[in-house]
Amino acid sequence: MVATGEAPRCQRCGTAFNPSRRWQRFCSPACRIAFHAEARHRDFAYASRVLAEAGFTDAAEFLTHQAAVTVPLPKAPSGRSDSA
């Protein structure tokens, strides 16, 4: 929480700014968009590293493997009888 009289700082660039909303975390839409783009990039880099450690060259190879080893679920009963 920001002390009384102290301007909040942008979560991305650290610039002090005057928020138009209580919950505003970024000084501008550009900082907000860049922050979330950087987060997506970090998530992708992490996922790529985990897949490489597991022996997969890319996500497509992993998904192909998952599709091959996934057991199909049994059909749900329809709840009606075919002896009419």
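What follows is calculated from the coordinates using simple rules that are stated; it is not laboratory data. Everything quoted here is computed from the prediction, not taken from an experiment. Heads up, the Cβs are rebuilt from the backbone with ideal geometry, glycines too, and the neighbour counts pull from every protein chain shown.
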| Ranked by Cβ crowding within 10 angstrom, fewest neighbours first, how are Thr64, Thr57 ordered? | Thr57, Thr64
| field | Segment Gln66-Arg32, length gained on full extension (0.36 nm per residue, minus Cα span) | value | 8.7 nm
| remark: Residue separation between Glu6 and Trp23 times 0.36 nm, minus their alpha-carbon distance, gives in nm 4.6 nm
